[in-house]
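The next block holds one structure in the form of structure tokens; read it before the comments.
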Amino acid sequence: MQINKELSLLYEMHEAAISQTGKCREFNSRASILLQHLEELEAFDMADRVMDLLAGCNPKDTSPCDSRLSTKASLERLQERIKNKMSEREEDG
């Protein structure tokens, strides 16, 4: 699993969940899998950010997300952080 691709998929899934409330649980599940993968890679700083994101994510089946904007902002910051890490690796290697 490529972290950047998975984050992009999560971002798209989150945006779709805004209008399809049942998708919230699917988003939460995928984010949990990403968290586990990051921990396995020992990318603990990024795993901490995903854990923060999950802490504020409370899937609902029948009503809109209360923390939609903060979750979206967290995903955007995480994407930027990973993009920066990838750039640093390219410069170093």
Problem set entry | Matching helices (runs of 4 or more DSSP H) fully within the stretch 1-75 where at least 3 residues are in contact (Cβ under 8 Å) with a residue 60 or more places away in the chain and surrounded by 13 or more Cβ atoms within 10 Å (Cβ to Cβ) | 3-17
Exercise. Does Arg89 satisfy the criteria of being modelled with pLDDT under 90 and loosely packed, with under 12 Cβ neighbours inside 10 Å?
Worked result: yes
Exercise. If you scan the stretch 28-42, which residues turn out to be farther than 13 Å from Tyr11 by Cα and polar (S, T, N, Q)?
Worked result: Ser29, Ser32, Gln36
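The values are calculated or read from the model by the stated rules, or taken from the named source; none is laboratory data. As the structure is a computational prediction, the values presented were derived from the model and not from experiment. Note that each Cβ is placed from the backbone with ideal geometry, even for glycine, and that neighbours are counted across all protein chains shown.
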